[in-house]
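Enquirer: Here it is: the structure, laid out below.
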Number of protein chains: 2
Amino acid sequence: MQHRKRIPPAEAIQYLDSLLQDLHGQPESVTAANACGRVLAKSIVSDVSIPAFRRSMMDGFAVQAEDTSSADESSACTLRIVGTSMPGNGWTGNLQSGEAVRVMTGAPVPEAADAVVPFELTSTLPAGVRISSPIAAGKNVSEIGEDIRSGQQLLDAGRSLRPQDIGLLSATGCSEITVIRRPRIRLIITGSELLPAGTRPHGHRVADSNGPMLEALVSRDGGTSLFHGITPDDPDSIRELLEEGLRDKADVLLVSGGSSAGDEDFAPDLIAQLGELPVHGISMRPGAPAGIGRIGNCPVFLLPGNPVACLFAYDMFAARAVRQLGGRPQQWPYRPIESTLLKPLHSAIGRLDYARVRMSEEGIVPIAISGGSVLSSTTIADGFVLIPPETDRISAGDTARMWLYGG
Amino acid sequence: MQHRKRIPPAEAIQYLDSLLQDLHGQPESVTAANACGRVLAKSIVSDVSIPAFRRSMMDGFAVQAEDTSSADESSACTLRIVGTSMPGNGWTGNLQSGEAVRVMTGAPVPEAADAVVPFELTSTLPAGVRISSPIAAGKNVSEIGEDIRSGQQLLDAGRSLRPQDIGLLSATGCSEITVIRRPRIRLIITGSELLPAGTRPHGHRVADSNGPMLEALVSRDGGTSLFHGITPDDPDSIRELLEEGLRDKADVLLVSGGSSAGDEDFAPDLIAQLGELPVHGISMRPGAPAGIGRIGNCPVFLLPGNPVACLFAYDMFAARAVRQLGGRPQQWPYRPIESTLLKPLHSAIGRLDYARVRMSEEGIVPIAISGGSVLSSTTIADGFVLIPPETDRISAGDTARMWLYGG
């Protein structure tokens, strides 16, 4: 990074947002069973009413409420039982005054009836059903369209579907739902020293951690990873993977490793040749070697090989693109809380710092770490505090905002 | 429900917890790539150190710090460049005082060097590298085990794995991870009036909404649904499905519909015959016909056919079992907030009520609905407020706890 001026994070985001403003999520059709958690691409209007018929809300007797108007303990009314209405199998007769129809919850209420008296308020006699208190017209009857009217807008475009939404859509006869396609995120993990993730490290080689971590982050943000394994620090291989990513119609390219300006950092020059790389070197720690550019319309992110820097740069920049292309809000899925910082955090004016912290009963405790590249700092931590560029410290006793990793 | 005393929700949970106390999640092995969001069944101890060798944290020159101790602008030290150490391909020579080795980030630092001077603090001359300020011993060198020591406990049993955990495990050579198997939840959706989900409703028949909703809820809570389609209200069919669920080694049975005491409510008697059903009829609204029992060691939940009651009874009772059997905390995934209730909520002493509400700028607004069975009330709502059995109202102006549906 020796030959570049570092760019403020806010400017990096400004460039990113200018790239993203012309990009939109693409629609695809999925079955309702696969739609939970997906983002609606189009608002949904019901073309049916629910209920579609007058439906009993109780097990009881469908009656004409008027027949019960003067009923009381001393002078109960007794109605003749003329039939039974079952769910899916209604009574087809013509109810008259003085008559009642046994009706189960969910069954149609006969047309001439206007109330259902629950079983527990009745007793059955040889002569019929005895009702000893009046019932109001409409009681325990769901009217047509009470839940949903035909033509009603059920759910708005952009909504992330909840379990009950899936229930509602299923009830209205929606079997296919148009959601925003998961953005396709091509991962290019570079490093001649890397062994495939999960390989026991040996010699001077290390096992890849960024590939599996980025796959999990992309999935969390609603994207699909395209990852075909690590690649050595070799300009021809990296160029081939960038071009392959475009041929595969990736929506975003993530390049991890080789992002700096060292001897084996080929990706920056390649991206600049194939497209543009106006953001390279950002005032943040860790993550200074990160970069943002594009090849054609495809945003490209340079993520440092250092796994903590990779995580932070992904969350700061790439997550924003993945979420927006999937129709999701740009905000992090981390929950913020405000609490007292128990030990000071130091940074430098002009630099954004990512401080891993724990939560204690008393407040926020920074994690003492010797190096910024220590991935275990992010697994020991409960979350992080950002020290913004405008300040060089947050003092002990100050209120700080902590973002909870959760999970 | 006419012939039963309703059980307080707290007693229902007490019975449920007595069922659950002898049940535990079962382990299974998954690849790291599939482990994010899963719950660790066993604590993980690293059998490697990371870094496993002294690693450079910068692109620069590995030196003996002592050589730079008196360097300043007017009297810089110049060191002879004797080699290059690349990531995965270290320099194998023997560094002497007065010498420097070019080293890239991630590459091994020669044994006799104890600091890395970043390129930007050096200039390269024909005679070697010029360094004009002293560097401290240890600077920019990651020591062996700085991130992880061999034998160190990395992650505790019971942890829900985060993206960075997957990165850490991948880096230590873990390719298979022992997590708690997703509990298998058999769904039995009954109702002669039901059409398969997504069918356009017609006549007196309605399309199933509880099946797809429960599948989504079970998935949210970390379980796997076993659902083979709806079944009519017929005791032989329901008995066969209960027995089949046990043969399939389901961890939990969920029965939706036919849970009350009407003519076609066969499930309660069948469960009592095959096992026990001590909880049937609970003081809650909606959801009073819900029940909890067991067949053998398998918890069985009766969920009302009314979809709002089904959602509430699932969340109150079944979710607790699904989450615990999957090794997850029993708490809801809904986030609680406290705010001012803007209109009163009415209930009855002794009854737990589920009031759907919206969030406005000013506070919590109950949703005006005509019927408790209106599923759209849960899709219009931002969340819900519970009115506990001890009280019959929450007054306007009171602070209430609202649970956010999220999504």
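Read-outs: derived from the displayed coordinates by stated rules, not from any lab. This structure is a prediction, so every number in the text was calculated from the model and none was measured. Because the Cβ atoms are built from the backbone with ideal geometry, glycine has one as well, and the counts that use them run over all protein chains shown.
Enquirer: To the nearest 0.05, what FRET efficiency results for A:Tyr334 and A:Ser360 with a Förster distance of 22 Å applied to their C-beta separation? Intermediate values should be presented prior to the final figure.
Expert: Details: r = 19 Å, r/R0 = 0.85.
The computed FRET efficiency comes out at 0.75.
Enquirer: DSSP beta bridges in the stretch A:335-404, what fraction antiparallel, as a percent rounded to 5? The partial results should precede the final answer.
Expert: Working: 19 of 20 bridges.
Bridges in the stretch A:335-404 are about 95 percent antiparallel.
Enquirer: In a Gaussian network model over chain B where Cα atoms closer than 10 Å are linked, find which of B:Gly291, B:Gly93, B:Gly158 has the largest mean-square fluctuation.
Expert: The residue with the greatest mean-square fluctuation here is B:Gly93.
Enquirer: At 0.36 nm per residue, minus the direct Cα-Cα distance, what do A:Leu20 and A:Asp269 gain on full extension? Give it in nm, one decimal, please.
Expert: Values: separation 249, 0.36 × 249 = 89.64 nm, distance 2.23 nm.
Full extension from A:Leu20 to A:Asp269 adds 87.4 nm.
Enquirer: Suppose each label sits 7 Å from its Cα in the direction of the beta carbon; what would the A:Glu28-B:Thr31 distance come out to in nanometres?
Expert: 2.0
Enquirer: Mind jotting down the distance between the C-alpha centroids of the stretch B:197-258 and the stretch B:121-169, whole Å?
Expert: Each part reduced to its Cα centre gives a spacing of 53 Å.
Enquirer: Further question: Once the label point is placed 7 Å from Cα along Cβ, list for B:Gly203 the distances to the corresponding points in the other copies, in nm, shortest first.
Expert: Nearest first, the other copies' label points are 7.4 nm away.
Enquirer: Report, in whole Å, the centroid distance computed from the Cα atoms of the stretch B:1-62 and the stretch A:84-103.
Expert: 53
Enquirer: For the rotation taking chain A to chain B, which residue of A has the Cβ nearest the axis, and how many Å away is it?
Expert: Whole-Å result, nearest residue of chain A to the axis: A:Arg335, 4.
Enquirer: Grab the eigenvalues of the alpha-carbon gyration tensor for chain A, scale each by 5, take roots, and send me the semi-axes largest first in whole angstrom. Don't jump to the answer; show the numbers that get you there.
Expert: Working: eigenvalues 823, 132, 61 Å².
Over the Cα atoms of chain A, the semi-axes work out to 64, 26, 17 Å.
Enquirer: With loop defined by DSSP as not H, G, I, E or B, and exposure as at most 11 other Cβ atoms within 10 Å, which is the longest segment of chain B clear of exposed trypsin sites (Lys or Arg not before Pro)?
Expert: Longest site-free region, per DSSP loop and neighbour criteria: B:6-248.
Enquirer: Still on this structure: Using square roots of five times the C-alpha gyration tensor eigenvalues, list the equivalent-ellipsoid semi-axes of the protein assembly as shown in whole Å, biggest first. All intermediate terms of the calculation are to be shown ahead of the outcome.
Expert: Values: eigenvalues 821, 124, 112 Å².
In descending order the semi-axes read 64, 25, 24 Å.
Enquirer: Taking the label point as lying 7 angstrom from Cα along the Cα-to-Cβ axis, what are the distances from B:Glu111 to the corresponding position in the remaining copies, in ascending order and in nanometres?
Expert: With the label placed 7 Å along Cα→Cβ, B:Glu111 yields 9.9 nm.
Enquirer: Something else about it: Please figure out what share of the DSSP beta bridges in the stretch A:20-127 is antiparallel and state it in percent, rounded to the nearest 5. Show your work: numbers first, answer last.
Expert: Numbers: 9 of 14 bridges.
Percent antiparallel among DSSP bridges in the stretch A:20-127 is about 65.
Enquirer: Provide the gained length on full extension for the span B:Asp156 to B:Ile349, in nm with one decimal, where the gain is 0.36 nm per separating residue minus the Cα-Cα distance. Mind showing how you got there, number by number?
Expert: Numbers: separation 193, 0.36 × 193 = 69.48 nm, distance 4.36 nm.
Length gained between B:Asp156 and B:Ile349: 65.1 nm.
Enquirer: Pull up the DSSP beta bridges for the protein assembly as shown and report the antiparallel fraction as a percent, rounded to 5.
Expert: Working: 110 of 158 bridges.
That works out to approximately 70 percent antiparallel.
Enquirer: How far apart, in nm, are the 7 Å Cα→Cβ label points at A:Asp234 and B:Glu120?
Expert: In this crude spin-label approximation the distance works out to 3.2 nm.
Enquirer: Right, next: Once the mean 1/r over all distinct Cα pairs of the stretch A:335-404 is inverted, what Kirkwood radius in angstroms do you read off? Walk me through the numbers before you get to the answer.
Expert: Details: mean 1/r = 0.0834 Å⁻¹.
Radius from the Kirkwood sum: 12.0 Å.
Enquirer: Can you give the relative contact order of chain A as a percent, counting alpha carbon pairs under 8 Å and 6+ residues apart? Write down the numbers at each step before the final one.
Expert: On the way: 953 pairs, mean separation 65.2, N = 407.
RCO, chain A: 16 percent.
Enquirer: Which net charge results when you count Lys and Arg as +1 and Asp and Glu as -1 among the other residues whose beta-carbon is under 11 Å from that of A:Thr378?
Expert: -2
Enquirer: So, one more: If all Cα-Cα distances of the stretch B:55-142 are sorted into 10 Å bins from 0 onward, what percent lands in each bin, rounded to whole numbers?
Expert: Final binned percentages: 21, 58, 19, 1.
Enquirer: Turning to a different aspect of this structure: Tell me, how many Å apart are the Cα centres for the stretch A:283-312 and for the stretch B:275-310?
Expert: The two parts, judged by their Cα centres, are 52 Å apart.
Enquirer: Also, I was wondering about something else. Can you return the lysines within cross-link range of A:Lys139? Criterion is Cα-Cα under 27 Å, with same-chain partners fewer than 8 residues away left out.
Expert: Within the straight-line cut-off, A:Lys139 pairs with B:Lys5, B:Lys343.
Enquirer: Still on this structure, please answer the following. Which value in Å does the Kirkwood hydrodynamic radius of the stretch B:122-171 take, with 1/r averaged over all unlike C-alpha pairs and then inverted?
Expert: Numbers: mean 1/r = 0.0662 Å⁻¹.
About 15.1 Å, per the Kirkwood formula over Cα pairs.
Enquirer: Of B:Pro126, B:Pro235, B:Pro304, which has the largest mean-square fluctuation in a 10 Å C-alpha GNM of chain B?
Expert: Largest GNM mean-square fluctuation: B:Pro126.
Enquirer: Of the candidates B:Ala65, B:Ala267, B:Ala318, which one comes out as most mobile in a Gaussian network treatment of chain B with C-alpha springs shorter than 10 Å?
Expert: Checking each option, the largest mean-square fluctuation is seen for B:Ala65.
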